[in-house]
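Here's the structure, in structure tokens; my notes come after.
The values are calculated or read from the model by the stated rules, or taken from the named source; none is laboratory data. The model shown is predicted, which means the values in this text are computed figures rather than measured ones. For neighbour counting, all protein chains shown are included, and Cβ atoms are generated from backbone atoms with ideal geometry for every residue, glycine included.
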């Protein structure tokens, strides 16, 4: 079975559309401020995707563009304006920032209540604690949304997470743990990764290594969540060798069209939650 | 082999004594403020242990005792006084607090720079990120100190952590991961915990379940770190059936006399670090 993102996106949009309507009736239009320094093609492409997704449910994206040579002071001033603006419910800051800017310092200027992609320490702590406060990072949340939308129960399941980053691997492990999975965190220094993966019920690949999870890592009955986004010979591919595993395992997410496509919907949902909390 | 805490405590004390001497020569005596509400016997006993350990290297513990019916305002005022007092380098707040007090709110009043046992969100985030900033919780740090002092390399090792609490299991998993271990987080909902433990190189038991890790969980060559502290029939015991496993495994920590005895030394080290940063 191919686990596609679009059915999940559509399910989420049905709920989100109603929530936005209710907010709009109260005079509140859920709005994300995107702060972008420069004109990087990746950022522009992501921004266009955001605008389309937000627009489809009646929410808004406000794009704030700063010059590449913007000062740290000016960037912080811009963030503070967004923090104080009651019509903005979420702030997304494209990274990496120019090297002249202290990224850690700037990130901490974003109000935790508007930090919808979990950049700042307060939301990172809530993600670790899994205390249902704050905002969790969007990509691992998208994995959880896909598992939930496909009725994949996690209690007692052995889940292998490949990759220990702060944007995917580690937060995803905490979310899976909260759902009572037994979680094994693997990485570049793991020995016998193949053996560990073969024993798993679910594999979440977030290693940033093109097609590394191939047929030799998997067995029948498994669910494979591919969080990788790599470009090889000009084409997108994940961390999973999709064609190699698809006829062996129970279910696998494609790249593109899998987890990545749900990430924007999670961000939208966070902005809606921010708007709901603001009234 | 029995992995006792005392040799580690002594090794740490040698280094700490020199550090305290250097600080004292500069007019700074590393000082921990213990804020205690009421006269709970557990707290008093722990406080006496702290005083003895701190005293042995020339550091100080200042005990601040508040009545059981203390108001939230008064407690926060006391914390703020400690935050502002330049002669205090660490603050330990005994918990649980009386139910009339909002514990979460009070904890966040402790300055992160003096939060030497990682209670507040900022230090929790640093522990999750493992970015070498802030203070990590003392008990899992004691496990790491014991592994390190016994030259137990973690790279590529399969480590099973039993228990997913915010004071031991989850932070310990992050610390082990930082040292390149492959970490499996297990808990009450884990299936075939015995089988998972048997395959591990190292088992860290922090489940709060007396003697649950018995001979059937282990095999030869393993290292067993027992973080449990339970009272059964008036006697202390860990989460590991020490007598049952000691002749099978390579090394195991006793309870008492194991990990627990190192915790206070970690706290002392944190206070010294706080004092060093204050000048």
If a residue has to be under 23 Å from the mean Cα position of the chain (by Cα) and not in a helix (DSSP H, G or I) to count, how many in region A:173-190 make the cut?
10
Considering each residue of region B:50-66, count those that are under 16 Å from residue B:37 (Cβ atoms) and touching a helix residue (DSSP H, G or I) at 6+ places or on another chain (Cβ under 9 Å), and give that number.
4
Within region B:1-19, track down each residue that is assigned to a helix (DSSP H, G or I) and either free of Cβ contacts under 8 Å to residues at least 60 places away in the same chain or surrounded by fewer than 16 Cβ atoms within 10 Å (Cβ to Cβ) (or both).
B:6, B:7, B:10, B:11, B:14, B:15, B:17, B:18
Taking into account only those residues within region B:175-190 that are surrounded by 21 or more Cβ atoms within 10 Å (Cβ to Cβ) and within 7 Å of another protein chain (Cβ to nearest Cβ), which is nearest to residue B:128 (Cα to Cα)?
B:177
Residues satisfying the stated conditions in region B:48-67, i.e. in contact with a strand residue (DSSP E or B) (Cβ under 9 Å, 6 or more places away or on another chain), outside any loop (DSSP other than H, G, I, E, B) and either farther than 15 Å from residue B:31 by Cα or without any contact (Cβ under 8 Å) to a residue 40 or more places away in the chain (or both):
B:51, B:55, B:60, B:61, B:62, B:63, B:64, B:65, B:66
Could we say that residue B:78 is modelled with pLDDT of 95 or more and within 14 Å of chain A (Cβ to nearest Cβ) here?
no
Filter region B:104-129 down to residues that are more than 17 Å from the chain's Cα centre (by Cα) and more than 10 Å from chain A (Cβ to nearest Cβ) and give me whichever is surrounded by the most Cβ atoms within 10 Å (Cβ to Cβ).
B:110
Take the conditions within 30 Å of residue B:194 (Cα to Cα), within 14 Å of chain B (Cβ to nearest Cβ) and in contact with a strand residue (DSSP E or B) (Cβ under 7 Å, 6 or more places away or on another chain) and apply them to residue A:143. Does it pass?
no
All strands (runs of 3 or more DSSP E) inside region B:210-279 with 2 or more residues being surrounded by fewer than 22 Cβ atoms within 10 Å (Cβ to Cβ) and assigned by TED's automatic domain parsing to the domain that holds residue B:199:
B:230-232, B:235-237
Out of region A:20-43, which residues are assigned to a loop (DSSP other than H, G, I, E, B) and out of contact with any helix residue (DSSP H, G or I) (no Cβ under 6 Å at 6 or more places or on another chain)?
A:26, A:27, A:29, A:38, A:39, A:40
Looking only at region B:191-209, and only at residues there that are part of a helix (DSSP H, G or I) and either in contact with a strand residue (DSSP E or B) (Cβ under 8 Å, 6 or more places away or on another chain) or surrounded by 18 or more Cβ atoms within 10 Å (Cβ to Cβ) (or both), the one that is farthest from the other protein chains (Cβ to nearest Cβ)
B:197
Considering only residues that are more than 15 Å from residue A:273 (Cβ to Cβ) and within 14 Å of another protein chain (Cβ to nearest Cβ), look in region A:130-140 and name the one that is surrounded by the most Cβ atoms within 10 Å (Cβ to Cβ).
A:140
Given the criteria assigned by TED's automatic domain parsing to the domain that holds residue A:160, under 18 Å from the mean Cα position of the chain (by Cα) and at negative phi, does residue A:170 qualify?
yes
Considering only region B:90-103, I want to know if a residue exists there that is within 16 Å of the chain's Cα centre (by Cα), within 14 Å of chain A (Cβ to nearest Cβ) and crowded, with 22+ Cβ neighbours inside 10 Å.
no
Within region B:146-174, residues within 12 Å of chain A (Cβ to nearest Cβ) and in contact (Cβ under 8 Å) with a residue 60 or more places away in the chain come out as B:162, B:163
